[in-house]
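Student: Shown below is the structure under consideration.
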Amino acid sequence: MLSRRNSIQDRQKVEVPVTKIRRTCSISDADIVDSTPTYVLPIDETPYPIKRITPQTLVKVMSGEFSQHFDRLVIVDCRFRYEYEAGHIHNAININTKGALRGRFFEATTQRTCVVFHCEFSSQRAPRACAYMRSHDRVVNAVGFPYLHFPDIYVVEGGYKNFFQQYPEYCTPQAYLEMRDPRFAEECAINETLNEREWSEGKSSRSKSARQRDPMDDDDDQL
């Protein structure tokens, strides 16, 4: 099923002006046009390139409802370590760097994988990581465009807070720690600095390059 959807012949290139996407998306790293028109999971229709699913949909995937489409489910918790250790979704892995994402997913890509990202609210850390994964997937598959190793990547709407409020029984331990909990103020500040440095690296050079590029070359951004 997945190989049929993911074949080059069956996919259509969606021509969407990149400038329009950039105006509607608040995450700068998510201004990547997603030219994958078909998703297995029901998605929330938003202007963002990366699609969002509800906590209810994630629970259905965890329960095996979509097992005919995927060989495995990977839940990526993009929160800081102290948040993750206080309470996280069953079997979620804690990743919040580009190198960890590349190492975890692109060393072996033979299985049909559903990847679901989240952070506390799914407003910045998770969308940014998800968008980077899609961008890197486009780079490694540039010759076979629009083929993707991971066509089905999603962000959980409302993040861990929203998920925990609805399904605490699917969390281990059954707890939710806010990122800005006063007890972790110092650790939070350190992590925020490191996180911003990690995800802003190379952004300035890309922005400068984009400003200098001929507007007629916008097709190059169809990643």
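Student: Within the stretch 137-148, how many residues are in contact with a helix residue (DSSP H, G or I) (Cβ under 6 Å, 6 or more places away or on another chain) and surrounded by fewer than 18 Cβ atoms within 10 Å (Cβ to Cβ)?
Tutor: 0
Student: Report, by residue number, each residue of the stretch 52-76 that is surrounded by fewer than 20 Cβ atoms within 10 Å (Cβ to Cβ), within 18 Å of the chain's Cα centre (by Cα) and basic (Lys, Arg).
Tutor: If the condition is that a residue be surrounded by fewer than 20 Cβ atoms within 10 Å (Cβ to Cβ), within 18 Å of the chain's Cα centre (by Cα) and basic (Lys, Arg), then ARG72 is the only one that fits.
Student: Here's another thing I want to ask about it. Taking the condition of being in contact with a Lys or Arg (Cβ under 9 Å, 6 or more places away or on another chain) and crowded, with 22+ Cβ neighbours inside 10 Å, how many residues in the stretch 96-120 meet it?
Tutor: Matching residues across the stretch 96-120 total 6.
Student: As an exercise: evaluate ARG112 against (1) in contact with a strand residue (DSSP E or B) (Cβ under 8 Å, 6 or more places away or on another chain); (2) under 24 Å from GLU186 (Cα atoms); (3) at pLDDT below 95 and give the number of the one condition it does not meet.
Tutor: (2)
Student: Sticking with this one: Among ARG134, ARG125, which is among the basic types (Lys, Arg), modelled with pLDDT of 95 or more and either crowded, with 18+ Cβ neighbours inside 10 Å or farther than 16 Å from GLY159 by Cβ (or both)?
Tutor: Values: ARG134 fails: modelled with pLDDT of 95 or more.
Residue meeting the stated conditions: ARG125.
The values are calculated or read from the model by the stated rules, or taken from the named source; none is laboratory data. Everything numeric in this text was worked out from a predicted model, so none of it was measured. When we count neighbours, we look across all protein chains shown, and the Cβ atoms used for this are built from the backbone with ideal geometry, even at glycine.
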